[in-house]
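Before any comments, here is the structure.
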Amino acid sequence: MAALVLVAAGGFFGGVARWSLTRVLPAHPATLAANVIGSVILGVAAGSPGVIPLIVGTGVAGALSTWSSFANQLAELVEKRRWWEFTRYLLLTLALCVVAAWRGTIWAQRIWG
């Protein structure tokens, strides 16, 4: 039961952050920002001790990042036959998220030793 409460608390903050991004940025940039920030957070959480991965990784990063919006936006670009934008968005998101997660793990190592 305690784990459920911790994930829910983290999810609240991640969900509010995701919603906030959609209020200040257009759809694709908001999704990209959410996924890159979520990847950094998940990288840090993965290298952290105790309940931090549960709260921050599963809760915050899980609610903030959004694979489903990303996939839906890619599908819309395919339907519109906007191949250059599709390719650019796909590769940019994948590259930035992998680098962000990697940097997050490095930061976690520096923080926690």
Matching residues in the stretch 43-52 - criterion: being under 21 Å from L96 (Cα atoms) and more than 13 Å from the chain's Cα centre (by Cα): A46, G47
Search result, residues across the stretch 55-87 that are more than 15 Å from the chain's Cα centre (by Cα) and in contact (Cβ under 8 Å) with a residue 40 or more places away in the chain: Q73
Cβ-Cβ under 8 Å pairs, at least 6 apart or on other chains, the stretch 88-113 side without any contact (Cβ under 8 Å) to a residue 60 or more places away in the chain, far side of a type in the set (S, T, N, Q): V98/S39
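Taken together, the values in this text are just the output of simple stated rules run on the coordinates, not laboratory data. Quick caveat, the model's predicted, so the values are computed rather than measured. Reconstructed Cβ throughout: ideal geometry from the backbone, glycine too, with neighbour counts over all protein chains shown.
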